[in-house]
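Accompanying notes for the structure given below.
None of the figures in this text is laboratory data; all of them are computed from the coordinates on show. Since the model is a prediction, treat every value here as computed from it, not as a measurement. All Cβ positions, even for glycine, are placed from backbone atoms using ideal geometry, and neighbour counts span all protein chains on display.
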Amino acid sequence: MISRVTSSSDPAQHLRDLARLRRVRDRIDQEYAQPLDVQALARGAHMSAGHLSREFRRAYGESPYAYLMTRRIERAMALLRRGDLSVTEVCFTVGCSSLGTFSTRFTELVGVPPSTYRRDAAGATAGMPPCVAKRVTRPVRNREAPVTEPRLA
């Protein structure tokens with residue numbers, strides 16, 4: 001329910017909070033390869049880090065850090081499919097500073113380690129338009145969330 005996305009009871013404040021959260025998400029989408037942390041994102045949104053994390057999770061179903069890492073993994077998947085960069089180069093290109101953290105998160109979201117993905121995925125999307133390849137290979141966020149099938153009435 002949209003009216004419960006942020007904790008504010010004032011409708012005008014609620015809309016301002018939603019707009020700030022959208023700007024934070026847009027910043028993550030644009031600057032994913034830059035060194036971003038929740039503190040920096042919160043400062044840019046004029047919120048405390050704790051408040052930003054709570055409201056972002058309430059609005060988007062995951063923390064700002066989880067959203068940032070998913071965005072980085074999406075870009076990493078595209079770079080690994082190209083096949084011209086090593087896993088380490090991809091890790092640093094997408095803004096991760098730790099190869100171990102990158103590999104762990106990649107494996108959690110994609111289901112295979114980045115080196116395996118690089119080896120196997122290069123030919124998997126051959127001949128597919130890039131927009132279709134991106135959709136088909138998109139990592140799944142919130143694996144713990146149940147997948148519901150659409151119902152036909």
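Between the listed residues P113, T88, A76, the Cα displaced farthest toward the positive end of the dipole of the range 69-136, a dipole computed from Cβ unit charges relative to the Cα centre, is found at A76. Comparing the range 10-65 with the 2.2 N^0.38 Å rule of thumb, its C-alpha radius of gyration ratio is 1.05 (two decimals).
With only Cα atoms counted, the range 41-82 has Rg and Dmax values of 12.9, 39 Å.
Short to long, the 5 Å bins of the Cα pair-distance histogram for the range 69-136 hold 3, 19, 32, 26, 14, 5, 1 percent of all pairs.
For the range 69-136, a simple Cβ point-charge model (Lys and Arg +1, Asp and Glu -1, everything else neutral) yields a dipole of about 180 debye relative to the Cα centre. Using the average count of surrounding beta-carbon atoms within 10 Å as a protection proxy, the listed peptides 69-75, 29-35 rank, highest first, as 69-75, 29-35.
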